[in-house]
Amino acid sequence: MARRPTGDAEEPLVIDRSAAAAIPSSEAVREWGHGKQAFISNVMAELPKERQAAALAVRTANAAPAMFELFGGRDADPEDAYLGEVEVSDIYIGILGRRYGKPLPTRYSATHAEYLHAEKSGLRMAVWCLRADDREGHEQSFLDEIRTFHVVSEFTSPDDLRAQIEDRLKAIAAEDLAPWCKLGAVVFRATEVSDGGHEIHVSAGVRSDEVAHALEAFRPERIGHGGETRFTWAGRSKFVRVVSMKSTTTSARSKTFKIALETRDQQRDNLLEMSVSGYSADDLAEAALRSVLFAERHPLADQYMSLMPEMRDPLAPLRTARVADEITRPLAELLIADESKRSTNTVSIPSR
């Protein structure tokens, strides 16, 4: 008899690290790109052909490029206008060449300021650099800073850059169209999640034997009637009961799963329904999360300690797990959503 999975037990994560999102069709990419905006950032006077190549790649994905040439007349200060466009964008595309650019009053160049603002605003980051050995000192330092946190690929021509950006946008679309999910302590990529309110149907392709075995442990006939756990996906999280599970072996290293989940009402602690010093239950939960993630002082740290929702560090498992860079962000978002919903059903996820 398999051990019964539980929703809030601190079990080690089981992650399908080898799960790769299938590259979507051009039609699917264009549907994904509709309504999205990509901010293109570089020293304008240095790489004009590369800027146009980047804009063409963005339009190929049916997304809108945001760049100075397209801003038109603005009453706002130019720097404020740039940063405002960064904030309303979904993706940041940085193109680094040889020149750093003229420093602003902040002592950062416009490109550097836009990069920092994109990170602060939580944009998807994609950065390339021209293959060169004669970069200015400040530009090389800027590149080294970016490489500390992101993969930066080199390009040799406008056409090369365009092709790489198109491939990167396809990869981002694939990540979004095949969401990561968490059932109990099992993390895997779904091909489809259908939420009907009272029932959730999940389709997934699993390559890891360990993950497949962990999912099999949730079969109703193994854990008994009434076994409940938490299912998290795409910023949402619900308590569920697995009502059926079907697995099919499609190759030596792959299984497909069809999982039917019944949603269960979660009882919230009455204390969390209270408003404390003007802070709602959701405010308290968000403050607790920011305290854990960013070491910010909780606004009620000196009072009402017993009323604060207890919050674990949601990213602790990722600090020890060996996962590829390209899936670190979606997994982090998944774990933050899961921990947020564990403390309160409707807490918003802070950005920084």
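The values are calculated or read from the model by the stated rules, or taken from the named source; none is laboratory data. Given the structure is predicted, the values throughout are model-derived calculations rather than measurements. Cβ atoms come from the backbone with ideal geometry, glycine included; neighbour counts cover every protein chain shown. Just so you know, the surface numbers come from the protein's heavy atoms only, side chains and all, with ligands and any DNA or RNA stripped out. Shrake-Rupley method; radii C 1.70, N 1.55, O 1.52, S 1.80 Å.
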**Asked** If you go through segment 64-85 one residue at a time, do you hit one that is among the aromatic types (Phe, Trp, Tyr) and either open to solvent by less than 10 Å² (accessible area, probe 1.4 Å) or outside any loop (DSSP other than H, G, I, E, B) (or both)?
**Response** yes
**Item:** Close pairs from segment 238-250: first within 7 Å of residue 262 (Cα to Cα), partner modelled with pLDDT under 90 and open to solvent by 60 Å² or more (accessible area, probe 1.4 Å), Cβ under 6 Å, at least 6 apart
**Value:** 241/228; 241/264
**Prompt:** Name the residues in segment 169-184 that are aliphatic (A, V, I, L, M) and within 13 Å of residue 233 (Cα to Cα), would you?
**Reply:** 177, 178, 183
**Asked** Out of all the residues in segment 16-33, is one or more surrounded by fewer than 23 Cβ atoms within 10 Å (Cβ to Cβ), in a loop (DSSP other than H, G, I, E, B) and at pLDDT 95 or above?
**Response** no
**Prompt:** Would you call residue 100 open to solvent by less than 70 Å² (accessible area, probe 1.4 Å), modelled with pLDDT of 95 or more and in a helix (DSSP H, G or I)?
**Reply:** no
**Item:** Residue list for segment 127-163, restricted to those being part of a loop (DSSP other than H, G, I, E, B) and of a type in the set (D, E, K, R)
**Value:** 131, 133, 134, 135, 136
**residue 117 vs. criteria buried (at least 17 other Cβ atoms within 10 Å of the Cβ) and either closer than 19 Å to residue 36 by Cβ or aliphatic (A, V, I, L, M) (or both)** = yes
